[in-house]
1. Considering each residue of the stretch 12-40, count those that are within 14 Å of the chain's Cα centre (by Cα) and without any contact (Cβ under 8 Å) to a residue 60 or more places away in the chain, and give that number.
2. In the stretch 237-257, how many are among the aliphatic types (A, V, I, L, M) and in contact (Cβ under 8 Å) with a residue 12 or more places away in the chain?
3. Within the stretch 1-80, which helices (runs of 4 or more DSSP H) (wholly inside it) include 2 or more residues that are β-branched (Val, Ile, Thr) and closer than 25 Å to residue 106 by Cβ?
4. Could you go through the stretch 78-98 and let me know if any residue there is farther than 22 Å from residue 113 by Cβ and more than 16 Å from the chain's Cα centre (by Cα).
5. For the stretch 1-41, what are the residues that are farther than 16 Å from residue 170 by Cβ and β-branched (Val, Ile, Thr)?
6. Report, by residue number, each residue of the stretch 118-136 that is open to solvent by 10 Å² or more (accessible area, probe 1.4 Å) and either in a strand (DSSP E or B) or of a type outside the set (A, V, I, L, M, F, W, C) (or both).
7. So which pairs qualify, if the first residue must be in the stretch 84-100 and over 16 Å from residue 6 (Cα atoms), the second must be open to solvent by 40 Å² or more (accessible area, probe 1.4 Å) and not charged (D, E, K, R), the Cβ gap must be under 7 Å, and the two must be at least 6 apart or on different chains?
Amino acid sequence: MSNHLTGFRARLQAGPAAFAAWCGMRDPAVAETILKEGFDCAILDWQHGYHDQASVEAGILLAQACRKPAMVRIGVGDFAGAARFLDWGAVGIIAPMINSAADARMLVDFLRYPPLGSRSWGPTRAMGLMGLSNGEQLERANETCIVIAMIETREGFAALDEILAVPGLDGVFVGPGDLSIALTNGAAIDPLHAEVTAAVKVIAQKTSAAGKIASAFCPDGKRANELAKLGYTLLSVGTDGFLLRSAARAELVRAKA
């Protein structure tokens, strides 16, 4: 049994914080390069990244080769696609624009097997990666699959208590860019905005009180460190593109000095 896959949900529930390589680039060699620097998992960005289905599949397999779990940030409302990514071996799904308990219940219904949901059976690749038989997969899938709702709108933030109360939902993921746009009524896009900072503290407190996983996108390592101290246990550290640009910029400055 592949404990780095089947045990990742328990790791996030217990802590300490896991730091994710946010992978939006299609080439799996980029994800491989970053994962080998010590990140705990990969998050493949289907919503805003450059991925197609083939590159998501390759990214999941690449993470497995690195002995790291892969999660997928899906497109808005793409719950059927999310179930397919789980069938391919992703350990979890991050779903954007979850604005109500009804949205969260629909997400859970697609991604959990009965009695928690009504997910269709067909995890052929996932069973192989995790080393599980049919019976073991059915028995353990609901306890190992990670289902995360993004909080990134005024509506979602206002409904946080109701969203956290949905059975089968593991936790929430702060989308600070969209949340900043929402909280400033479109005046700014600033993941470090004071109103976002206040909101992430409230989200941390309420999520912890609900016994669920607090997670967030972080523009850089400094922010990830700050949120880890607040109790967040799944945190991205920039993006693959950001890390590539920042490293290239720093070395070019040294070259030109």
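The values are calculated or read from the model by the stated rules, or taken from the named source; none is laboratory data. Because the structure is predicted, anything quoted here is derived from the model rather than measured. Neighbour counts are summed over all protein chains in view; Cβ atoms, including those assigned to glycine, are modelled from backbone coordinates with ideal geometry. Calculation scope for accessible area: heavy atoms of the full protein, side chains included, ligands and nucleic acids excluded. Shrake-Rupley method; radii C 1.70, N 1.55, O 1.52, S 1.80 Å.
1. Quick first cut of the stretch 12-40, residues within 14 Å of the chain's Cα centre (by Cα) only: 12-13, 17-24, 39-40.
From what is left, the residues that are without any contact (Cβ under 8 Å) to a residue 60 or more places away in the chain are 40.
Residues meeting the conditions: 1.
2. Summing the residues that are among the aliphatic types (A, V, I, L, M) and in contact (Cβ under 8 Å) with a residue 12 or more places away in the chain in the stretch 237-257 gives 3.
3. Numbers: elements: 3-6, 8-14, 28-35, 53-65.
In the stretch 1-80, 53-65 are the helices (runs of 4 or more DSSP H) which contain 2 or more residues that are β-branched (Val, Ile, Thr) and closer than 25 Å to residue 106 by Cβ.
4. no
5. Within the stretch 1-41, 30, 33, 34 qualify.
6. Once the filter is applied, which keeps residues that are open to solvent by 10 Å² or more (accessible area, probe 1.4 Å) and either in a strand (DSSP E or B) or of a type outside the set (A, V, I, L, M, F, W, C) (or both), the stretch 118-136 yields 118, 119, 120, 122, 124, 125, 128, 131, 133, 134, 135, 136.
7. 96/47; 96/76; 97/76
Rundown of residues vs (1) under 18 Å from residue 234 (Cα atoms); (2) open to solvent by 30 Å² or more (accessible area, probe 1.4 Å), yes/no style:
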site	(1), (2)
24	yes, no
32	no, yes
35	yes, no
67	yes, yes
79	no, no
83	no, no
